[in-house]
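All remarks here apply to the structure that follows.
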Amino acid sequence: MSWIRHRVSWIAGLFLLVGSLLGANWIMHGPKNNREPQKGATEKPSNTTVVAMGQIDTEFSTYILAPGQIGEVIEVYVKDGQHVSKDTPLLRLDSHLADFNVKQAKFGIETAQIRLAQAEDGLKQWESLCLAKKAVIEAKRFQKAAADEKLKKAKQLLDSRVSDTSADVKAGTYEIQGLEQAIAAEQKELEALEHKKPIHELNLAKQNLASAQTQLEQAQFGVERCVLKAPSNGTAVRVQARVGDKVGPNMAFPAFSFRPDGDIIVRAEIDPEFATQVQIGQKATIHDSANSGRVWRGKVTFVADAFLPRRDTGNGIPNLIQPQQENVLECKVTLEPGQSPLPFIGQKVRVYLGGDR
């Protein structure tokens with residue numbers, strides 16, 4: 001009896017295997033007329049509602065603000081949630097070191113100005129020396145001209161045998177030769193003096209003064225950076241800096257969270273399968289994801305042209321450190337005016353795009 005039960009089990013298993021293979025073949029190669037749309041047909045429903053998660057934001061998003069240099073906070077001028085205008089001071093750092101740098105730069109300018117005056121005086125002295133040397137040369141030329149006339153007269157007397165002037169001729173010849181050599185030497189000295197024109201010293205003094213002025217501007221800029229100002233009209237959403245804190249551009253916590261003025265929008269994230277169903281001008285209904293019953297109306301005003309990682313929560317910066325997440329298509333929905341109460345910035349919402357909802 002056992003061998004009969006074994007054979008029956010074997011036959012039943014064989015039939016089950018054959019049936020499984022036939023079913024898989026029908027699923028993979030079944031009738032195509034039920035699965036493929038006709039050519040020219042569209043699969044897009046005529047009245048589709050796309051649901052996406054989003055977050056309330058402003059056009060320019062909230063970002064962090066910090067002084068451009070590290071320092072100790074000695075004054076904080078604003079409070080959480082305070083609206084400010086552009087260039088309104090937000091906080092001030094200790095500026096003692098920056099003030100010292102300004103004083104040192106001013107001393108550097110005074111020193112550079114003195115050296116420039118010395119270089120200008122040196123140029124004037126050089127010009128005077130050149131004029132004096134030229135005057136000496138001109139005087140020796142006059143002396144030579146007089147000696148030439150004297151020698152000429154002595155030769156005439158000697159040739160006419162009126163008197164014996166041979167000694168005068170000889171002395172006159174030596175005098176003229178000496179004057180010629182003296183003129184040549186003075187000319188060489190003038191050429192050497194002209195090559196020593198202190199123009200380079202003057203240019204260097206001017207460059208030193210310009211450098212000192214740049215150092216003063218840099219020092220004054222350091223003083224200005226001790227006061228952090230609002231980059232635009234906006235709201236100091238959160239003030240974390242306190243008097244006595246050390247703050248700076250690379251500190252562990254930012255001094256301020258700042259939100260520039262702008263229209264309230266929703267940053268909605270569309271999954272890839274619904275991306276083709278979203279377009280600019282599309283009506284949108286925004287629901288509070290906390291189910292508070294609040295609903296707002298708006299329309300799509302921007303659709304990105306690329307799939308990007310989801311934005312990190314809290315700072316509006318795309319999250320690039322989790323590549324395993326599926327990229328999404330971001331769109332912006334601008335709320336219709338006149339709605340009250342408005343949603344909170346940063347609030348999570350559900351966005352219904354299109355359809356009759």
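Quick notes
- Scoring 78-86, 66-74, 255-263 by mean Cβ neighbours within 10 Å over their residues and listing the highest first yields 255-263, 66-74, 78-86.
- Over 28 Å apart at the Cα level, from the set Lys229/Lys283; Lys283/Lys348; Lys103/Lys229; Lys155/Lys188; Lys133/Lys170, are Lys229/Lys283; Lys155/Lys188; Lys133/Lys170.
- Residues listed by number, segment 112-131, amide nitrogen under 15 Å from Lys197 label point at 7 Å toward C-beta: 120, 122-131
- Whole-Å distance, taken between Cα centres, linking segment 237-295 and segment 104-127: 58
- A full extension of the chain between Asp164 and Asn250 corresponds to an added length of 20.5 nm, given 0.36 nm per residue minus the alpha carbon distance.
- Within segment 106-249, the ratio Rg/Rh, alpha carbon atoms throughout and Rh by Kirkwood, equals 1.58.
- Note that segment 194-204 has calculated 3J(HN,Hα) couplings of 5, 6, 9, 4, x, 6, 5, 4, 5, 5, 5 Hz, one per residue in order, obtained from phi through the Karplus relation 6.51 cos²θ - 1.76 cosθ + 1.60 (θ = phi - 60°); glycine and proline are x.
- Note that segment 77-166, at 37 °C in a medium of 0.692 mPa s, gets a Stokes-Einstein diffusion coefficient of 153 µm²/s from its Kirkwood radius over C-alpha pairs.
- Loop-resident trypsin sites (Lys or Arg not before Pro) (DSSP state other than H, G, I, E or B) in segment 145-249 with no more than 11 further Cβ atoms inside 10 Å of their Cβ: Arg161, Lys196, Arg242.
- Going by neighbour counts of Cβ atoms within 10 Å, the residues Val349, Val169 line up, fewest first, as Val169, Val349.
- Value in Å of the Kirkwood radius, where segment 161-227 supplies the Cα pairs that are averaged: 17.8
Every number here is computed from the coordinates shown, using simple stated rules; none is lab data. Being a predicted model, the structure only gives us computed values, none of them experimental. For neighbour counting, all protein chains shown are included, and Cβ atoms are generated from backbone atoms with ideal geometry for every residue, glycine included.
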